[in-house]
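Every number in this text was worked out from the coordinates using simple rules, so none of it is lab data. All figures in this text were calculated on a predicted structure; none of them were measured in a lab. Cβ sites come from the backbone with ideal geometry, for glycine too, and all protein chains shown count toward neighbours.
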Amino acid sequence: MEKFEHKTLETTPHNLTYSYYLSPNFHNPSHPSAPTLVLCHGFPDCAWLWSRAIPHLLTLPYRILLLDLLGFGDSSKPTTPAHYNYRLQAASLAQILDHEGAPDNIIPVGHDWGSGTVQRFYLYHRHRCAGLALLSLAYQVPSPDPFDLETANKETAKRFGYPQWEYWNFFTAPDAPKLLMENLDRFWEVNNGFFPSPDPKEKGVDIWMREMFCVPGAMREYITGTGKYKDFTVELRPYARDEKLTEAYRERMRRDGFEGPVCYYTSLANNTMLEDERSLCQGDGDEDKKITVPVLYIGQTGDWVCRTDLMSDAKEAGLVKDVEEKVVDAGHWCLYDEKKSEEIAGMIGEWLGRKFPVK
């Protein structure tokens with residue numbers, strides 16, 4: 001990351017500043033025809049999420065742009081949920097690419113909310129994209145129907161045996177930013193803990209994310225140290241015990257707060273993007289929802305929210321033409337793990353080499 005050039009750009013129409021980083025070869029690539037990789041992180045991270053994968057990605061002959069999504073890093077942090085609209089963020093990314101003179105040969109790569117962002121960047125700017133790589137969050141097919149959190153949790157409880165989006169009840173609560181700030185270490189443990197299931201039927205299975213994110217009230221109780229979790233502290237994954245990494249997280253969140261980041265959840269929960277989603281559902285034969293470029297999807301075994309089997313929805317609907325799916329034995333925030341970052345970078349590099357060979 002130290003080799004990257006850090007820049008900012010104020011984008012229209014809301015005059016919001018985006019922070020981003022350019023690889024050393026961005027304006028002087030050895031292979032000008034090679035695609036440009038645009039890497040987008042998720043919640044509650046910033047562009048530095050990719051820092052352990054970058055040394056491996058830099059060995060590839062591609063330009064790289066790392067983005068601080070709105071609400072994170074050195075980008076603006078508005079607290080109005082409508083500003084976190086996918087279409088607006090896609091337009092801002094397009095402005096950055098125009099400003100830097102990037103050719104229309106983009107491969108967006110996203111993790112978590114970054115995956116959602118790059119999916120919509122593709123749908124709104126498909127002429128600019130050569131491929132698409134998604135980590136954790138599979139393709140979320142646009143829907144013309146309003147999102148209702150209670151209904152979504154009831155439906156996923158029937159489908160998976162647990163309410164997949166239960167944790168949204170905490171993140172969209174008015175007191176969530178304050179509680180998260182007051183309990184930064186507990187939230188780090190929520191995201192990066194490991195807990196093997198005591199159920200013999202799930203021997204060796206890491207269920208921590210399911211327990212925290214998909215059980216009513218669990219995340220609030222753990223973060224505040226109350227109820228079932230009053231005297232309980234989970235074991236951290238090895239990478240999450242790195243004090244330098246932990247302190248960087250503390251310093252960043254103390255500086256930036258959670259008021260902006262939780263807007264990703266309130267924006268969708270409040271249906272601020274409903275009309276945009278409906279616009280993608282009006283074409284004949286679902287053409288506006290189809291992804292026609294090569295897609296790489298990488299899921300994680302310990303991710304109970306962004307399940308590894310959810311790409312099947314888009315595949316069964318015939319909305320993805322060319323998709324390769326891979327699974328890493330890791331948790332959701334595996335990019336903080338040096339070995340897992342190397343593994344993921346290797347998967348991306350191998351896929352790029354086959355699908356987009358540089359001549």
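Could you line up ILE106, ILE54 from fewest to most neighbouring Cβ atoms inside 10 Å?
Working: ILE106 27, ILE54 21.
Starting with the residue having the fewest Cβ neighbours, the order is ILE54, ILE106.
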- Message: Test of understanding: in a Gaussian network model of the chain with alpha carbons linked when under 10 Å, which of ASP231, ASP256, ASP276 would top the mean-square fluctuation ranking?
- Response: ASP231
- Note on the structure: For VAL38, other-chain or 5+-apart residues with amide H closer than 5 Å (H placed, Pro excluded) are LEU65, ILE107, VAL109
- Going residue by residue through the range 23-33, the Karplus relation 6.51 cos²θ - 1.76 cosθ + 1.60 with θ = phi - 60° gives ³J(HN,Hα) values, rounded to whole Hz and with x marking Gly or Pro, of 5, x, 9, 4, 9, 9, x, 6, 10, x, 7
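Mind checking Rg over Rh on the range 273-336, alpha carbons, Kirkwood formula for Rh?
Working: Rg = 14.3 Å, Rh = 13.5 Å.
That ratio is 1.06, to two decimals.
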- Task: Evaluate E = 1/(1 + (r/R0)^6) for VAL358 and ARG241, where r is the Cβ-Cβ distance and R0 equals 30 Å; express this FRET efficiency to the nearest 0.05.
- Result: 0.15
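Let me have the 222 nm mean residue ellipticity of the chain computed from DSSP H runs of 4+ only, each contributing -39500 (n - 2.57), with the sum over all residues rounded to the nearest 500. Before the final figure, lay out the partial values.
On the way: 14 runs with 126 residues, N = 359.
-10000 deg cm²/dmol, from helical runs alone.
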- Interchain or sequence-distant (5+) residues whose placed amide H lies within less than 5 Å of the amide H of GLU235 are PHE194
- Task: Would you mind computing Rg(Cα) / (2.2 N^0.38 Å) for the range 149-266, counting N as its residues?
- Result: 1.11
- Hey, what do the phi angles of the range 202-212 turn into as Karplus ³J(HN,Hα) couplings, whole Hz, using 6.51/-1.76/1.60 and θ = phi - 60°, x for Gly and Pro? 10, 3, x, 7, 7, 10, 4, 5, 4, 5, 7
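Multiply the residue gap between THR151 and LYS228 by 0.36 nm, knock off their C-alpha separation, and tell me the result in nm, one decimal place. The partial results should precede the final answer.
Details: separation 77, 0.36 × 77 = 27.72 nm, distance 2.62 nm.
Difference between extended and current length: 25.1 nm.
What's the exposure ranking of CYS46, CYS281, CYS40, going from fewest to most Cβ atoms within 10 Å? Walk me through the numbers before you get to the answer.
Numbers: CYS46 24, CYS281 14, CYS40 29.
Least crowded to most crowded, the residues run CYS281, CYS46, CYS40.
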- Task: Would you be so kind as to identify all helices of the chain, as entire DSSP H runs, whose Cα atoms reach 27 Å or more along the helix's own axis and whose mean Kyte-Doolittle hydropathy is at least 1.0?
- Result: none
- Query: Fewest first, what order do THR308, THR151, THR224 take by the number of other Cβ atoms within 10 Å?
  - Reply: THR151, THR224, THR308
- So for the chain: antiparallel DSSP bridges make up what percent, rounded to the nearest 5? 35
